[in-house]
Amino acid sequence: MEFNDYQKAAKRTLYGNEQVLTNCALGLAGEAGQVVDLVKNYTFRSKQLDRQELIHEMGDVLWYLSQIAEWADIPFDEVAKANIDELNRRYPTGFKK
């Protein structure tokens with residue numbers, strides 16, 4: 001799926017028009033925290049890393065990011081491309097220790 005297609009499809013489930021940016025930013029922080037908890041429990045509590053739960057939580061993070069971009073009238077493809085361009089500038093030969 002293309003990022004812009006995802007962004008448009010995800011907007012269908014966006015609720016409300018008051019303080020959307022704040023709601024999405026706070027939601028993003030909460031969902032990112034859930035990803036962190038999964039990793040923390042795997043790393044420090046020897047729990048199995050539930051792949052399906054990780055996919056679910058990462059999807060929630062993606063949804064909030066896409067809707068912040070939607071609110072700001074930024075095509076999601078542009079976000080992804082800018083990130084790759086930045087990585088290529090920083091690490092032209094890849095990341096090496």
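Just so it is clear, none of the values below were taken in a lab; they were calculated from the coordinates. Worth saying up front: this structure is predicted, and the values here are computed from it rather than measured. Here the Cβ is made from the backbone with ideal geometry for all residues, glycine too, and neighbour counts use every protein chain on show.
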Filter the stretch 12-55 down to residues that are of a type in the set (A, V, I, L, M) and outside any helix (DSSP H, G or I) and give me whichever is nearest to Glu70 (Cα to Cα).
-> Leu14
Would you point out which residue out of Leu87, Leu54 is among the aliphatic types (A, V, I, L, M), farther than 19 Å from Val20 by Cβ and over 14 Å from the mean Cα position of the chain (by Cα)?
-> Leu87
Among the residues of the stretch 72-97, the number that are among the acidic types (Asp, Glu), outside any loop (DSSP other than H, G, I, E, B) and under 16 Å from Asp5 (Cα atoms) is 2
Can you tell me how many residues in the stretch 21-57 are loosely packed, with under 11 Cβ neighbours inside 10 Å, within 26 Å of Ile74 (Cα to Cα) and of a type outside the set (A, V, I, L, M)?
-> 1
